[in-house]
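Read the structure below first, then the notes.
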Amino acid sequence: MHLLRSPWKIGLGLVLPLIIYMVFGIIPIFISFYYSFMAWDGFSAMNFVGIENYVTAFQDSTFWLSLRNNILVVLASVLGQIPIGLGLALLLNRKIKGAKFFRTIGFLPVVISTVVISITWRMIYNSEQGLLNNLLETTGLGFLQQNWLGDPDSAIFAILITIVWQFVGLYFIIFLSALQTIPKELLEAAELDGAGEWHKIVHITLPSIRNVILVAIVLCISGSLKTFDLIYVMTQGGPAHSTEVMATYMYSETFEGLSYGYGSALSILILVFSLILILITTKVMGVKRA
Amino acid sequence: MMGNKAEPREMTAVDRDAVAKTKRKLRRTLVYIILILFTIVNAYPIFWMIMNAFKTSQDFSLNPFGLPAQWVFENFQDAWVTANIGTFFFNSVLVGAAAVLISIFSGALAAYFLSRFEFRGKKFIYGFLVIGLLIPIHATLVPMYILMQNLGILNTYWALIFPYVAFNLPITVFLLTSFMSSFPKEMEESAIMDGCGVFRIFWSIILPMTRPAIATAVIINFINNWNEFAFALVLISDEALQTLPLGLANFAGAYTTNYPAQMAGLTLVLVPTIIFYLLMEKQIVEGMTQGAVKG
């Protein structure tokens, strides 16, 4: 590290990124906070209404429904993506023919744009021409056919499955790379002691990648809190708000319902909820981030 | 156990060996079955979509699972013309590339000062920049819309470029700072002796050495921009300025009944993505996972 004696040079170096980051990343949050105390349709004059928007939100059953769905998305991601990804990584972490192929295909959905994935899965779930119902029909399981996204009872689960599908590969590869950093000697020594496969996994493999698993869980939570595109494209939060998450609800309240004040309050609630959840998990699990 | 003892015991040892061998074989087969199943579940939806893009509507309804009876290309023509995919493609490349350029250049400059120099407030600035990783983008949609309106750049490329830079700076600064910190301190000493300026050292010594991390950062930035949907949805309504994800979503919404045409549109976007992925797999995967593995 060098001591720089000319502070203006540091300023010159940092000014551009800081300005862009502040103006388009941080300040909008404060603007949001300000508007969240207003009643405003986006055109006419604003009215200060105090905390009324927040009170409305807490009494709004759709808001609670969307919060519940947000929690479901987080749960499905953490309980689906992480264990499946870990299981697959443990399976592939050996000398195996075609390992590279399994990796490549495994990660593929992660790089595809969410919009493409959402439209594809919307077609898969379509009740008449969709892949899923067609498959059920041909395999003699026709009685299981559903209007997957059209029925409020099944829609959210159909969406959760798509979300798990989209990101399993990410955790699969994260865990696989972590597993490959475990020294071979450690496992060989255990083998000589007569440790079985299961014993090795529980007592050596998993403890060695403990920190990666914890970081992956935090990543998974913060990632799943960002869900918007997928639901917006697949169902727009419908039918009957059954797949609404806070972000889609905020979008429709603001830009379709033209309640900018209420939308801003919802934005702030999203932010607060996300940060609290991430803070709690990081604290509880004692993750040390670099 | 090398058996040179009584005959029956030797048999059991051999037997045990055989049992162990079959067991191992069985386990191996099971591993393969699971991995192949996973691969099918992962790849088949994509394969299904691409295959059906080459079918007539009739062929699709008769034979939805397999290869087309006859390969037709009209759907692609349809999609290309009606969906304006060429325009969206151009917009996505332009916005994506411009944002990457600004984000990498300014991010690298910031990372340089944050990693190679000691000054007051350094830790705070670094933390302030990196905490942006945790901000859920859509929490800023409403104010961003109002801000862009006030700045008079709503419905221009800039309305997307600025937020894309802002939301990619945290990961860029994070990656580049940790990479630049790993260089030994002596790195630029002789250059300082020679009287090179701070910016000269950045440009001709540090930046070239950071190339691998920059490549990773460029890829992550570009993929994020290429796939971004929420800002585009809110900030761009002019169809001539829409990016691919937004254009595709609108196109698919308008063509809900004609599946092969929808699929052709998606395929046109998907194929370049897949090719890019296969060509750059190592860098892409590394870029998208290294935060977690090293974290």
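Derivation of every value follows stated rules applied to the coordinates shown; laboratory data play no part. Quick caveat, the model's predicted, so the values are computed rather than measured. In this analysis, Cβ positions are derived from the backbone assuming ideal geometry, glycine residues included, and neighbour counts consider all displayed protein chains.
Odds and ends about this structure:
- Cross-link pairs A:LYS97/B:LYS23; A:LYS9/B:LYS185; A:LYS283/B:LYS122; A:LYS226/A:LYS283; A:LYS283/B:LYS185 - those with Cα-Cα distance over 23 Å: A:LYS283/B:LYS122; A:LYS283/B:LYS185
- Rounded D (µm²/s) - chain B, Kirkwood Rh over Cα pairs, Stokes-Einstein at 10 °C, 1.306 mPa s: 67 µm²/s
- Per-selection Kirkwood Rh - region B:68-144 (Cα, Å, 1 d.p.): 17.0 Å
- Percent RCO, i.e. relative contact order, over region B:84-254, from Cα pairs under 8 Å lying at least 6 residues apart: 44 percent
- Given R0 = 35 Å, the distance between the Cβ atoms of B:GLU118 and A:ILE201 translates into a calculated FRET efficiency of 0.20.
- Relative contact order, whole percent, for chain A stands at 30, derived from Cα pairs under 8 Å and 6 or more residues apart.
- For chymotrypsin sites (Phe, Trp or Tyr not before Pro), the sites in region B:62-151 that DSSP calls loop and that have at most 15 other Cβ atoms within 10 Å are B:PHE65, B:TRP71, B:PHE73.
- Computed over region A:12-171, relative contact order equals 22 percent, with contacts defined as Cα pairs under 8 Å that lie 6+ residues apart.
- Residue range of chain B that is longest and free of trypsin sites (Lys or Arg not before Pro) which are both DSSP loop and sparsely packed (at most 13 other C-beta within 10 Å): B:121-295
- For region B:147-179 and region A:1-65, distance of Cα centres in Å: 15 Å
- Assuming charge only on the beta carbon of Lys and Arg (+1) and of Asp and Glu (-1), the dipole of region A:131-253 about its Cα centre is about 240 debye to the nearest 20.
- Shape call, chain A: gyration tensor on alpha carbons, a/c limit 1.5: oblate
- Rg(Cα)/(2.2 N^0.38 Å) for the protein assembly as shown, N = residue count: 1.07
- For the protein assembly as shown, the dipole from Cβ point charges (+1 on Lys and Arg, -1 on Asp and Glu) about the Cα centre works out to 2260 debye, to the nearest 20.
- For region B:84-254, the spherically averaged projection of the C-alpha convex hull amounts to 11.4 nm².
- Candidate membrane-span-like segments in chain B, meaning DSSP H helices with Cα atoms spread over at least 20 Å of their own axis and a Kyte-Doolittle mean of -1.0 or above, are B:7-52, B:85-116, B:157-181, B:211-227, B:259-279, with no membrane implied.
- Normalised by residue number, the volume inside the convex hull of the Cα atoms of region B:17-91 is 136 Å³ per residue.
- Given 16 as the ceiling on other Cβ atoms within 10 Å, longest exposed-site-free region of chain A for trypsin sites (Lys or Arg not before Pro) in DSSP loops: A:98-287
- Positive-end residue of B:ALA98, B:ASN150, B:LEU114, charge dipole of region B:84-254 with Cβ unit charges: B:LEU114
- Selection from A:PHE175, B:ASN84, A:TYR251, by position along the positive dipole direction of the protein assembly as shown (Cβ): A:PHE175
- Put simply, the C-alpha atoms of region A:187-237 give a gyration tensor, and the ellipsoid matching it has half-axes of 40, 12, 6 Å, longest first.
- Region A:134-290: C-alpha gyration tensor shape, a/c 1.5 cut-off, then a/b vs b/c: oblate
- Using the Cβ-Cβ distance between B:VAL93 and A:ASN147 with R0 set to 51 Å, the FRET efficiency works out to roughly 0.85.
- Charged-residue dipole, Cβ positions (Lys, Arg, Asp, Glu), chain B about Cα centre, Debye nearest 20: 1240 debye
- Ranking A:GLY130, A:LEU86, A:LEU275 by how far each Cα lies toward the positive end of the dipole of region A:60-285 (charges on Cβ) leaves A:LEU86 at the top.
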